[in-house]
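A.B. asks: What follows is a structure written as structure tokens; I'll ask about it next.
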Amino acid sequence: MVGVYDICARVQNGFRARLGRIAVPETKLNLAVSRVLYNQGFVSAVTRGTHLGPDESYVPTTNLNVAERRLWLSLKYYQDSPVLRKMSCISKPSRRIACTANQLQILASGKPWSIVRGVIPGEIVVVSTTKGILEIQDAVEHGLGGVLLARAS
């Protein structure tokens with residue numbers, strides 16, 4: 001079972017090693033978190049492929065090839081420094097941190113809630129809601145609560 005901690009570690013290690021692109025297992029969770037990172041400008045592209053590299057043309061995922069399918073994230077750099085400096089998990093398998101819509105609004109405004117510090121400018125928080133995995137500002141706009149997954153800055 002692949003958790004959010006796996007993609008956090010892979011993305012952060014890829015930026016630290018100054019890699020151009022990294023591969024993460026193709027799961028619904030990884031695809032959703034990658035989409036949030038792409039929409040917020042932390043990665044420049046997300047493509048599907050195999051363990052060897054991105055696909056040239058569309059290849060559907062089937063039961064026969066599911067083990068070798070990967071998501072390839074093209075990492076973004078600005079003036080030779082990584083755009084993403086740190087990505088860490090908030091919830092862990094042993095400690096899930098769930099918030100209501102009001103508690104998410106408190107966090108999004110920069111104030112701490114419980115054991116979670118507030119969101120500072122230039123930072124995002126990834127939240128798992130009933131409408132899918134969203135960034136904290138999108139969850140607040142829709143009035144949704146959810147489980148805090150990760151933060152990136």
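A.B. asks: For K76, all conditions in the list (1) of a type in the set (K, R); (2) free of Cβ contacts under 8 Å to residues at least 24 places away in the same chain; (3) within 17 Å of A152 (Cβ to Cβ) hold save one; what is the number of the exception?
C.D. replies: If we test K76 against (1) of a type in the set (K, R); (2) free of Cβ contacts under 8 Å to residues at least 24 places away in the same chain; (3) within 17 Å of A152 (Cβ to Cβ), just (2) comes out false.
A.B. asks: I would also like to ask the following. Going by the structure shown, is V11 buried (at least 18 other Cβ atoms within 10 Å of the Cβ) and either outside any strand (DSSP E or B) or touching a residue at least 12 places away in the same chain (Cβ under 8 Å) (or both)?
C.D. replies: Details: buried (at least 18 other Cβ atoms within 10 Å of the Cβ): yes; either outside any strand (DSSP E or B) or touching a residue at least 12 places away in the same chain (Cβ under 8 Å) (or both): yes.
Here the answer is yes, as V11 does meet what is asked.
A.B. asks: Would you check if there is a residue in the stretch 18-27 being part of a helix (DSSP H, G or I) and surrounded by 13 or more Cβ atoms within 10 Å (Cβ to Cβ)?
C.D. replies: The answer is no; no qualifying residue exists.
A.B. asks: Does S109 satisfy the criteria of being surrounded by fewer than 16 Cβ atoms within 10 Å (Cβ to Cβ) and out of contact with any Pro (no Cβ under 6 Å at 6 or more places or on another chain)?
C.D. replies: Numbers: surrounded by fewer than 16 Cβ atoms within 10 Å (Cβ to Cβ): yes; out of contact with any Pro (no Cβ under 6 Å at 6 or more places or on another chain): yes.
Yes; evaluated as a whole, the condition is true for this residue.
A.B. asks: Residue under question is A150, and the condition is that it be modelled with pLDDT of 95 or more and touching a Lys or Arg at 6+ places or on another chain (Cβ under 9 Å); does it hold?
C.D. replies: It is false that A150 is modelled with pLDDT of 95 or more and touching a Lys or Arg at 6+ places or on another chain (Cβ under 9 Å).
A.B. asks: For the stretch 32-47, name all the residues that are loosely packed, with under 15 Cβ neighbours inside 10 Å and hydrophobic (A, V, I, L, M, F, W, C).
C.D. replies: Hit for the stretch 32-47 is A45, nothing else.
A.B. asks: For the stretch 52-92, enumerate the residues that are more than 27 Å from R151 (Cα to Cα) and of a type outside the set (V, I, T).
C.D. replies: L52, G53, D55, E56, S57, Y58, P60, N63, L64, N65, A67, E68
A.B. asks: How about the stretch 48-67: which of its residues are within 30 Å of S153 (Cα to Cα) and open to solvent by 60 Å² or more (accessible area, probe 1.4 Å)? So that I can check it myself, show each step before the final result.
C.D. replies: So in the stretch 48-67, the residues within 30 Å of S153 (Cα to Cα) come out as 48-55.
Once the filter is applied, which keeps residues that are within 30 Å of S153 (Cα to Cα) and open to solvent by 60 Å² or more (accessible area, probe 1.4 Å), the stretch 48-67 yields R48, H51, L52.
The values are calculated or read from the model by the stated rules, or taken from the named source; none is laboratory data. Every value quoted in this text rests on a predicted model; they were computed, and no experiment measured them. In this analysis, Cβ positions are derived from the backbone assuming ideal geometry, glycine residues included, and neighbour counts consider all displayed protein chains. The protein model used for the area step is the full one, side chains on, heavy atoms only, and it has no ligands, DNA or RNA in it. Shrake-Rupley method; radii C 1.70, N 1.55, O 1.52, S 1.80 Å.
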